[in-house]
Structures are given as C-alpha cells and as structure tokens.
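J.: Structure provided below as structure tokens; questions to follow.
The values are calculated or read from the model by the stated rules, or taken from the named source; none is laboratory data. Nothing here was measured: the structure is a model prediction, and the numbers come from that model. Every residue, glycine among them, receives a Cβ derived from its backbone with ideal geometry; neighbour counts consider all protein chains shown.
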Amino acid sequence: MTLVNAVPQRQGAVGPRAAELPDGCLALAELAGHVLGRPVHHVRQTRSVSEVDRGVSSRAELTGPNRAAQLAALESPGGPVLTIGGDCGVELVPIGVARFRYGPGLGVAWFDAHADLNTAESSPSGAFHGMVLRSLFGEGDPEFAAAPALEPGRAALLGTRVFDLEERAAVARGLAVTSMDALAGAEKLYVHVDLDVLDPAEFPGLNYPEPGGWTIGRLVAELDALAGYEVVGAGITECVGTSREVEVLTPVLEAVGRLLVSGKQG
C-alpha cells in the first residue's frame, strides 16, 4: 500500500523562489493524494533558515529537526513511500533508508536537470539540493554522507543537462551513470523526479528551471519504461506551482503510482 509523505522542506534550496517550495509541496501532495487515492502524511518541517556553515546553507535546520521528522515518518512505512518535496535534499533520508533496507543492489533513477553531485567545497551556492546525490554515495560532508552508501554506478542521471565541473568529474570516474542500461542488474529501484527535468514551457512551477527540458509526455513515457523494475520508493521534488498549475502533472503522478504498485514489495 503506497504511502504519501509531504515534506515541505525549503532549506536545501537557495534562490528567488525557494521560499515558495513549502506551498508548492503541499499543492502537489494534495493532488497526489487525490490521484492515488491515498491519505497524505504531513511531515513537519521548520521554515527557518540560517547562514552558510562550512559550505552548506541552513546546515542546522537540515541536520536537526527536518531530518529527525523524516526519519520518524519512515520508521514503519508498511509499504512503498512516495515523498513529495520540498527541495531535492528531502531525498537524503528516504533513499538512505531504502539503501539500508534493501542492500547494495539498490539502484536509483535520477530524473533531474541537474546532477546534484557537488560537495560543500565545490558547490557554487552552498545549497544542499545540489549535493544530495553525492552525499548518498557517501562522499562529501560527513554530516550528510550516507552510511551505508549507494554503490558507485548505481544511480542513472536521466534528462540531466546541466553539470558543474566537479559533477562532470564524478560522472567521468563512474560514480553516477547517464543511462538506465548500466542499472540493468539493480535488484530494486528508487525513482527520483525533480520537476526541473521538464521544460519550463511545459510546467511553470519550477524552482530552478532550465531550458531544453522534456515534455510531460516524454517524462511519463520514461517512467513507464521502468515497469520491469521493482520500484520500492519514489520522490517528486522542487515544485513551486499553485494548486491550479500542478493539475497538468496528473499523468506524472499516475505513472509514478503505477510503478509503486506494479511490483512485489519486500
């Protein structure tokens, strides 16, 4: 039975629309609950922010109350969880928990305009949402590094079109890959969807829009192509859309829902 967790975190993002992330999260989560026919569990997150500390903006909030609330919400999920963010930093906990539960065979399909493979040292902004995948590989700042970590090569970057230099170097050494073909041996799969994989013309409610993205139809087709995997969890992040704007994402939610109920869940 799929659970829907709304995690309205905004501290992992910086920029002119970051403060809109909590409201965008709630709008999308309400739609997800309606589309999937499931109640929505609201995971309380503080809205306070703090200065950059050792290269990470709002470190205290990210490592303190926000993380604790997410961990508590995942203690006994009873089924696959759809996490609605908030910024991409919300994925550190559910993917980390999935790696702990399902072992080194866990793969991650990372639909995102950005690679999110920076470290605190290489990040141009200090925003943790650009470091979260690197942290899931157990690298970077020790307060965020996952343990156990994803195995190198177990995350596929899909629709990614913006890379910083450090991120390109991480891909070049095989930390993340750029095709699902490399994940053919994954025993179980987590699906991450940052909505900025879409073109801004398709959906205006993007926190960090990048030109040249996918159509909604393309994203749905790519999600449906994962039907052969056992999907044990998913996340959709970086929404700043209104309740009316998010309605166009109904096919995306339906596709994610199909993945979460199609396989055995163990």
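J.: Given the conditions (1) within 14 Å of Trp110 (Cα to Cα); (2) touching a Ser or Thr at 6+ places or on another chain (Cβ under 8 Å); (3) surrounded by fewer than 16 Cβ atoms within 10 Å (Cβ to Cβ); (4) not charged (D, E, K, R), and given that Ser179 satisfies all but one, which numbered condition is not satisfied?
T.: Here Ser179 clears every test but (2).
J.: So which strands (runs of 3 or more DSSP E) are wholly in the range 1-103 and hold at least 1 residues that are over 19 Å from Val191 (Cα atoms) and in contact (Cβ under 8 Å) with a residue 12 or more places away in the chain?
T.: 40-42
J.: OK, next. Could you check how many residues of the range 226-259 are of a type in the set (A, V, I, L, M, F, W, C) and within 21 Å of Pro104 (Cβ to Cβ)? Walk me through it before giving the result.
T.: Of the residues in the range 226-259, the ones of a type in the set (A, V, I, L, M, F, W, C) are 226-227, 231-232, 234, 236, 239-240, 246, 248-249, 252-253, 255-256, 259.
Cutting the leftovers down to within 21 Å of Pro104 (Cβ to Cβ) gives us 226, 231-232, 234.
The total comes to 4.
J.: With Ser125, Ser135 as the choices, which residue is part of a loop (DSSP other than H, G, I, E, B) and of a type in the set (Ser, Thr, Tyr)?
T.: Details: Ser135 fails: part of a loop (DSSP other than H, G, I, E, B).
Just one listed residue meets the conditions, Ser125.
J.: Determine, yes or no, whether Pro148 is touching a Phe, Trp or Tyr at 6+ places or on another chain (Cβ under 8 Å) and surrounded by fewer than 21 Cβ atoms within 10 Å (Cβ to Cβ).
T.: For Pro148, the condition - touching a Phe, Trp or Tyr at 6+ places or on another chain (Cβ under 8 Å) and surrounded by fewer than 21 Cβ atoms within 10 Å (Cβ to Cβ) - is met.
Residues are listed down the side, and each one gets a yes or a no for (1) surrounded by fewer than 19 Cβ atoms within 10 Å (Cβ to Cβ); (2) touching a Leu at 6+ places or on another chain (Cβ under 8 Å); (3) over 23 Å from Phe163 (Cβ atoms):
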site	(1), (2), (3)
Asn207	no, yes, no
Leu219	no, yes, no
Glu230	yes, yes, yes
Thr237	no, yes, no
Gly241	no, yes, yes
Glu245	yes, no, yes
Thr250	yes, yes, yes
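The rows are residues; the columns are (1) modelled with pLDDT under 95; (2) small (Gly, Ala, Ser).
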site: Ala32; (1), (2): no, yes
site: Leu36; (1), (2): no, no
site: Ser48; (1), (2): no, yes
site: Gly79; (1), (2): yes, yes
site: Ile84; (1), (2): no, no
site: Pro94; (1), (2): no, no
site: Val108; (1), (2): no, no
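J.: Just one of (1) surrounded by 21 or more Cβ atoms within 10 Å (Cβ to Cβ); (2) out of contact with any Leu (no Cβ under 7 Å at 6 or more places or on another chain); (3) outside any helix (DSSP H, G or I) trips up Tyr190, so point out which.
T.: Exception for Tyr190: condition (2).
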